[in-house]
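Shown below is the structure under consideration.
Taken together, the values in this text are just the output of simple stated rules run on the coordinates, not laboratory data. These numbers come from a predicted model, not from an experiment. Backbone-built Cβ (ideal geometry, glycine too); neighbour counts: all protein chains shown.
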Amino acid sequence: MKAARILRRVALTVGAVALASCHDALTVNNPKVIPTSDLGDANLIGTLLNSAVFAVNTNYSEFSWFSAIITDEALNATNDYRSGELSQRIVELAQGNVGPYPLLQFTRATADTSAALIRKLVKQPAGDLRLARALAYAGYGYLYLAEFTCTAPINAGPLVTDDSLEKIALSRFKEAITDATPADAGSTKLVADTILALANVGAARASLNLGNKTDAITYASAVSASFVIYADYVAAPTALNNTLWGRVNGQNKQLGVHPLMQNLHDPRVRYTTQAVLGHNQLTLLNTPYSPRSFSTYTAPDSQVIQSYSKIDMASGLEARFLRAEAEGPTPLTVALVNERRAVGGEQPLGATDDVMASLREEKRRDFFLAGRRLGDLRRYKAQGIGDFFPSGPHPTSQWGLYGSATCYIITQDEINSNLNVANYVPPATRPPGYSP
Amino acid sequence: MKIPLPRRDRRLATRSLLCSSIALLFASTSLVAQPTGAVRGTVTDAGGGAPVGQVQVYIVGMRHGTITQENGRFLITGIPAGQVTVRAQKLGYAPTQSAVTLAGNDTANVDFRISSAALALDEVVVTGTPGATEKRVLGNTVSTVKADELTKNTPIPTVTELLQGRASGINVTSNSGSVGTSATIRIRGASSLSASTQPVVYIDGIRMQAGAQRSFDNSGATVQATSALDAIDPNDIESMEVIKGPAAATLYGADAASGVIQIITKKGRMGQQSAEWNARAEYGGIDWALARPTTYWNCTDANIANATLFPNCAALGASPSNRLLIDNPLDQPGALRRGNVTTYGLSTRGGADRYSYFFSFDHDGENGVLYNNFFRRDNGRANMQASLRDNLTLQMNVGYVRTNSRQPLSDNSSNSIIRNAYRDRPAGPWPWQAEYRGLGPAIANQYDNEVATERYILGSSLNFQPFSWFQNRLNAGVDVNDQRSMVFYSIDTTGRQPWGATDANGWIGYILPNTHLWTVDYAGTATNNLPRQLTSAFSVGVQYSNTQLDSWQATGQTLVANQLNLVGSAATRDADQIFIEQKSLGTYAQEQVGWRNRLFVTGALRVDNNSAFGSNFKLVKYPKASVSYVISDEPFFHVPHVDQLKLRGAWGEAGNAPAPFTAVQAFAPTTTAIGDVQVNALQPQAYGNPNLRAETGSEVELGFDASGFGGRLGAEFTYYNKLTKYALVTVPAPPSSGYVAAGGGATGTYLANLGKIANDGLELTLTATPVQQRNFGWESALTLSTNHNKLVTFGTGFSEIRFGTFAINQKFAQGFPLGAYWYTDVVRDGNGNPVLTGGKMTVDTTLHYLGPSTPTREMSLTNAFTIFKNLRLYSYFDYKGGGYLFDGIKYVNDRLDLNTWAVNNPKADPLTVQYLESGATRPDIVRSDFIKLRELSLAYTLPQFVAARARAKNATIQVSGRNLAIWKLHGYPGVDPEVEFFNAVGSNGQPATPTSLFDRTDYCSIPMLRRIMVSMNLTF
């Protein structure tokens, strides 16, 4: 009996100590992350704004890559055959995450979440340029998703069309314009002008993609010709590099100028004349020098794409192209085309030249590797202007024919994790005679 | 009057005194000796007559005892005069005893011949129980790996190899033949999708880190992970106890559903009275004995005409007689070398009445077959025990290890010479070196990736018995693993940037994951005699563990000169830090009732909490119950040839806690550039799951232990059935939520408690002593295990998750084994013939089930022959079967590189070639069954007079080999069906991707290497 009493005491003591110490003993901290629930601090507004910018910067050079390889801008010599398929316009679920979909969603969601969090934290949205800038970046997040994919879900919802995504993008741009406009005076005017221009270029682009040319002209007209904003990259750390640098340098080269972009004799589209074998040991590459839209571009010389080459993500020149495309072959359009042809060392348009074709040609040169080409080609095709996607035999002859993809698709991971898209079946894009 | 000790014993006594003075630092008592009589003698093995060391010889009912030396001799002094019983016992042998009458000042001679025990019900285990418990009490099976015996038979350099095939139900998959790399250990199959499927490991009661250790590279290059478990030197291990599932592991709580391995290191024994020194030296060679890659190219006319893409074909000219090109890249000078192993060690163990000690130092150096592959390990161990009072014992164990490993690029690395040899196209062009697709050895061997660790494992164990009925044990300790992973790219001198643009100007990077794991473990047991010959043992316990990972990273880019390769010397520098903490607290109570020492019923309940549980989930409870019945002790038991029979059954639950902070939805800091200015930002980091809880494994095991034929035959049989509920599944966060890796394109993930996973199987261990003669002994052991694994249900929503490397060919699918293989085939007509469209086959992307990706049957057979006392031949055959493996490199070679014989054979059937080139995975997922001659050794114990010339009591020389032969039973086309594609480990030590625990591909890994060793072992 004495034994039982002692044992009971020991057991009770052990249990009591264990339970009493439970709360404190299990307290842990992880200074590497901040719980989402702790983001409601007004001191974080500046950081959240940076987050919206980060969302675009961190992936923009990859957007340039993905836009280039599926169009007529670039050849892809990545060793991963699944990536090679993308540049053959074959887009399938089996390619997993080698496509841009996760990056597009990261950019969209991060920018949009940042904007939403800032909206909760600012006292007066009207005139708050931090909110306006974040909203503009959020708009671009939706715009990229719309231009790169034909259909995609938002926040684990059902699939929505690219047009619906364009409309959301447009709504973000409009909100940005609304919020920035009250601040477009006095000491904040300079900053507000930049944000308004950023939002107006995006709104013009989304409007044009939606076929609303009147609005596109209105928004584009509001942008100063000298405006330009870059996706920014610096030499260090590596995480802030322009990823195209690694793709065109080193022994495992991946990116070369597409034959359809070669022999233009245009300073805006320069490349190495000595072709080298790419990473896949199959594709001969003429690697590009810094194109016009990169900060390291210089007209008389050929500058290697650098880790710190910044990329034009929105500019007055782009607004002029958007306006010209919306207006059609007006004198303003002709003037723009001739201005750009002069930059490229070409003769002015002749009387019988197709102004709009020339406009498209100048735009692809001016925005070579700047992430615009895929959106442009999809718009040209969707609006009946023409199908300018590369087709027929692929320049890497062993691969056979081009497929028929005009956009990227969601991934198997999205299907696995989002019950709303569980039944998604991607369109067939394989060319005849192709086996995966 | 004292009996004068012989000269040798005096020398031993002197050594003992020296060691005693060290040990006395830890003991609060002094030697006590009252010699009145002595017993001396020799213990030999009944089968073959070889002397047996480390046998505990003691006087029954007294404190007097000792341990035999390696020559089998022992001496016990200070025994009160009169009739005494001398008993000899050792793990794995049947105890034996002899009565002797001692007169005062007399020395009696007692020799023992002990026999291997087929079944040792009185053997004590310490794993899965509150305290030391006899096996007869346990309702579950505990496998004991007798490391001390095994390391005597053959050199075994790592704990991983020590475990491989030694006990039923333990699956050890070596991922690569590269020295220093980790293995995957699973017990009774995979019981989890995403939580650890590896057992937790304790060393002398202190939990230790045993998983894969991440290497570091700035470009995601594939380098095999190194092993934290293999920091322990097998020569320091006395034995290992393995409990295999929730039925046995309940008392370990929320981490033990995949089993528990307890490493018990060597210790001195109180009463040993003398010190024994052991010196060991081993040297050997390592070579790639299996097939090496051979590549082919049949030059067509079109190839010969295209000098740009097929220069070596063009070089042939138009000669039709010389069109087939053949390369053997790894046979070139400079590709592979003959590796080597050098190990040596020195240890001493001893003790006196109130203290004991074991000290050791070991060095292990291995150079792999690739020029930039090595592994070094230096470790020291000091285990000391002191009896502070008659009822209070303190054990202190200190282990210190330094390891350094350099790993080559392998697997899917574009710059690996293995990969570039396999993917060579003899037609060229070769951008860097003849016969290599990319970098060849000249540059690839410069790759410098090293993982160094400095490891302290400190443990203490206090045993206090205030009353005869009340036993307390308190274990406390810490495992400190300070790791330093480094990668260095020297400044490019080729002008061609072989390592890429980022590294061309010199790049140095370090990551320093420092992991500290604290353990506090209390157990108290009160025993009580109840009426009707019943006994009771009631236990309570508390276990607390705290794991902290503090990882620092620093990188530097653009160096001034190669010798100035500190991060601080670089023009641009970057730093990062990770801190992750996980704490666990569990308490349990257990009641064990025995009846006449033959029937035992046990019930227990453990309650756990863990910092990784979600905010909506608090405690988890794990019950257990077991019964053990030694039916052979019953008077009615009379079964011919059966000596002992124990029936047992157990049911229990244990858990698997989620990884730290996986429950919390969170953002992480990052940076971005605005203009040229770097600014702070935040990015989505963890999707989180507030409902996260530990998964629960529930297991039933039934079986029996038996011995017969006078102890010459033993059998252990177990059937188990395990069900994992609330299975932790790493599922992709919907990319549309934004929780994806910025810049990397990898999908973000989160943990969810989803489904149910079932495992069942049989385990059988047979031990036999077919021959037991004075001059010839033959001992044999056979282990056999089966495992059937199935994902019962995903839970709500999911139907399957598909994955695979190079092709989607594996699934988590309901009703099928986890990560099983599914194949694609070409479209076929009703007769099974491929349908040709425009002369081409078309792949049907429908996935068809093929089979499991891990073995479902394993068998090991060991035989030991002892001839004329001194000669011992040992062999170990290992069989794994029932699984499939995707020969990823053949798939890629056939389809993309077009460099295999099958597609270049001029006489090959064009349809067959087309089929291989089609991309259908059916031809490349193949049964991986194999038998390996894993170990073969021949040991010769020198005659005593020869050993004596070296002043040794015992001297053994040995020749041994490992991985000597392989038989692929179903013609697996790859070199080694045992390898595992890059075992990816993320920055937090967790699997790098949701499926990397199950992703099975044979792709350019280094096969298991042959090792031939000679060794010498001296005991003084």
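Count, for each residue of B:662-669, the Cβ atoms from other chains sitting within 10 Å of its Cβ, then give me the mean as a whole number.
5
Which is farthest toward the positive dipole end of segment B:638-712 among B:Ala659, B:Ala681, B:Gln644, measuring Cα position about the Cα centre, with Cβ charges +1 (Lys, Arg) and -1 (Asp, Glu)?
Positive-end residue among those listed: B:Gln644.
Also, I was wondering about something else. At a 10 angstrom cut-off on C-beta neighbours, averaged per residue, how do the peptides B:939-947, A:105-113, B:889-897 rank from highest to lowest?
In descending order of packing, they fall as A:105-113, B:889-897, B:939-947.
Just the Cα atoms of chain B: what Rg and Dmax do they give in Å?
Cα only, chain B: 30.4, 106 Å (Rg, Dmax).
Can you give the Rg and Dmax of segment B:453-594 based on its C-alpha atoms, in angstrom?
Rg, Dmax (Cα atoms, Å): 26.7, 89.
Scale the Cα Rg of segment A:208-351 by the rule-of-thumb value 2.2 N^0.38 Å and send over the ratio, two decimals.
1.21
Of the options B:Leu896, B:Ser860, B:Ser918, report the single residue whose Cα projects farthest towards the positive end of the charge dipole of segment B:859-925 (beta-carbon charges: Lys, Arg +1; Asp, Glu -1).
Looking along the dipole axis, the top candidate is B:Ser860.
Right, next: Where does the charge balance sit around A:Ala126 when Lys and Arg score +1, Asp and Glu -1, over other residues with C-beta under 14 Å from its C-beta?
Result for the neighbourhood of A:Ala126: 0.
If you filter segment B:444-553 for trypsin sites (Lys or Arg not before Pro), then keep DSSP loop positions with at most 15 other Cβ within 10 Å, what is left?
Sparse-neighbourhood loop trypsin sites (Lys or Arg not before Pro): B:Arg496, B:Arg532.
Ok, one more. Work out Dmax and Rg for segment B:881-985 from the C-alpha atoms and quote the Rg first, both in angstrom.
Here Rg and the maximum Cα pair distance are 23.3, 73 Å.
Now a separate question. Using just the helices of the protein assembly as shown, give the 222 nm mean residue ellipticity in deg cm²/dmol: DSSP H runs with n ≥ 4 each add -39,500 (n - 2.57), and the total is spread over all residues, rounded to 500.
-5500 deg cm²/dmol
I've got another one for you. Summarise the partner chain shielding of B:498-506 as one whole number: the mean count of Cβ atoms from other chains within 10 Å of each residue's Cβ.
Whole-number average of other-chain Cβ neighbours for B:498-506 is 4.
According to the Kirkwood expression over distinct Cα-Cα pairs, how big is the hydrodynamic radius of segment B:272-392, in Å?
Radius from the Kirkwood sum: 20.1 Å.
Please name whichever of B:Gln543, A:Thr352, B:Ile114 sits farthest to the positive end of the charge dipole of the protein assembly as shown, dipole taken about the Cα centre and charges placed at Cβ: Lys and Arg +1, Asp and Glu -1.
Projecting each Cα onto the dipole axis, the largest value belongs to B:Ile114.
So what's the convex hull volume per residue for the Cα atoms of segment A:330-436, in Å³?
178
How large is the Rg to Rh ratio of segment B:325-445 when both quantities use alpha carbon positions and Rh follows Kirkwood?
Rg divided by Rh gives 1.35.
Shifting gears a bit: Under 1.5 on a/c is rounded, so check that first for segment B:130-193, then, if it is not, pick prolate when a/b is larger than b/c and oblate when it is not; a ≥ b ≥ c are the square roots of the alpha carbon gyration tensor eigenvalues.
Note, shape of segment B:130-193 comes out oblate.
Here is a further query. Please report the Cα spread of segment A:135-239 along all three principal axes, rounded to whole Å, starting with the longest.
45, 43, 22
Please state, as a whole number in µm²/s, the translational diffusion coefficient that the Stokes-Einstein equation yields for segment B:422-494 at 25 °C and 0.890 mPa s, with Rh defined as the Kirkwood radius across alpha carbon pairs.
Rounded, D is 137 µm²/s.
Binning at 5 Å from 0, report for segment A:274-358 what percent of all alpha-carbon pair distances ends up in each bin.
Cα pair-distance distribution for segment A:274-358, in percent: 3, 12, 16, 15, 16, 15, 12, 8, 3, 1.
Then there is this: Could you work out Rg/(2.2 N^0.38 Å) for segment A:71-190, with Rg from alpha carbons only?
Dividing the Cα radius of gyration by 2.2 N^0.38 Å gives 1.31.
Given a Förster distance of 51 angstrom, what is the FRET efficiency for A:Leu419 paired with B:Gln533, based on the Cβ-Cβ distance and rounded to 0.05?
So the FRET efficiency works out to roughly 0.25.
Related question: Plugging the Kirkwood radius over Cα pairs into Stokes-Einstein for segment A:372-416, at a temperature of 4 °C and a viscosity of 1.567 mPa s, what D comes out in µm²/s?
It comes out at roughly 104 µm²/s.
Where q = 0.14, 0.22, 0.23 Å⁻¹, what log10 of I(q)/I(0) comes from the Debye formula for segment B:628-712, counting one point per Cα?
-0.73, -1.02, -1.06
Output needed for segment A:188-239: three equivalent-ellipsoid semi-axes, defined as square roots of 5 times the C-alpha gyration tensor eigenvalues, in descending order, whole Å.
Semi-axis lengths for segment A:188-239 are 26, 16, 8 Å.
What is the distance in Å between the Cα centres of segment B:233-290 and segment B:760-838?
Cα centres, segment B:233-290 to segment B:760-838: 29 Å.
Straight distance only, please: which aspartates and glutamates reach the Cα of A:Lys310 with their own Cα at less than 12 Å, same-chain residues fewer than 8 apart left out?
A:Asp232, B:Asp676
Please report the relative contact order for chain A, taking Cα pairs under 8 Å with a sequence separation of at least 6, and give it as a percent rounded to a whole number.
Relative contact order here is 20 percent.
Quick one: which of A:209-218, B:800-809 comes out on top by average Cβ neighbours within 10 Å, and what's the full order, highest first?
B:800-809, A:209-218
Let me ask you something else. Given axes a ≥ b ≥ c from the Cα gyration tensor, I'd like to know whether segment B:673-785 is rounded (a/c under 1.5), prolate (a/b larger than b/c) or oblate.
Verdict is prolate for segment B:673-785.
Kirkwood hydrodynamic radius, computed over distinct alpha-carbon pairs, for chain A: how many Å, to one decimal?
Hydrodynamic radius (Kirkwood, Cα only) of chain A equals 23.5 Å.
Quick one: the Cα spread of segment B:803-919 along its three principal axes, in angstroms, biggest first?
Its Cα atoms span 75, 43, 28 Å along the three principal axes.
Using only Cα atoms, locate the centre of segment A:90-148 and the centre of segment B:640-680, then give the distance between them in Å, rounded to an integer.
Between the Cα centres of segment A:90-148 and segment B:640-680 lies a distance of 32 Å.
Now, a different point. Out of every Cα-Cα pair in segment A:212-278, what percent are more than 13 Å apart?
Considering segment A:212-278, 77 percent of its Cα-Cα pairs are separated by more than 13 Å.
If you average the C-alpha positions of segment A:305-370 and of segment B:576-601 separately, how far apart do those two centres end up, in angstrom?
73
Suppose every K and R has +1 on its Cβ and every D and E has -1 on its Cβ; what is the size of the dipole of segment B:674-728 about the Cα centre, in Debye to the nearest 20?
Using Cβ point charges on Lys, Arg, Asp and Glu, segment B:674-728 gives about 120 debye.
According to the Kirkwood expression over distinct Cα-Cα pairs, how big is the hydrodynamic radius of segment B:251-306, in Å?
Radius from the Kirkwood sum: 20.2 Å.
Additional query: Two decimals is fine: what's Rg over Rh for the protein assembly as shown, C-alpha atoms, Kirkwood radius as Rh?
1.02
Which net charge results when you count Lys and Arg as +1 and Asp and Glu as -1 among the other residues whose beta-carbon is under 11 Å from that of A:Ser61?
Net of charged neighbours comes to 0.
If you don't mind, there's one more thing I want to ask. Can you tally the net charge around B:Ile286? Count Lys and Arg as +1, Asp and Glu as -1, for every other residue whose Cβ sits under 10 Å from the Cβ of B:Ile286.
For residues surrounding B:Ile286, the net value is +3.
Right, next: Give me Rg over Rh for segment B:867-906, both radii from the alpha carbons and Rh done the Kirkwood way, two decimal places.
1.47
Kindly state, as a whole number, the per residue volume in cubic angstrom of the convex hull around the alpha carbon atoms of segment A:165-293.
Convex hull volume per residue, Cα atoms: 182 Å³.
Something else: Write down the Å³ per residue value for the convex hull defined by the alpha carbon atoms of segment B:744-846.
Dividing the Cα hull volume of segment B:744-846 by its residue count gives 306 Å³.
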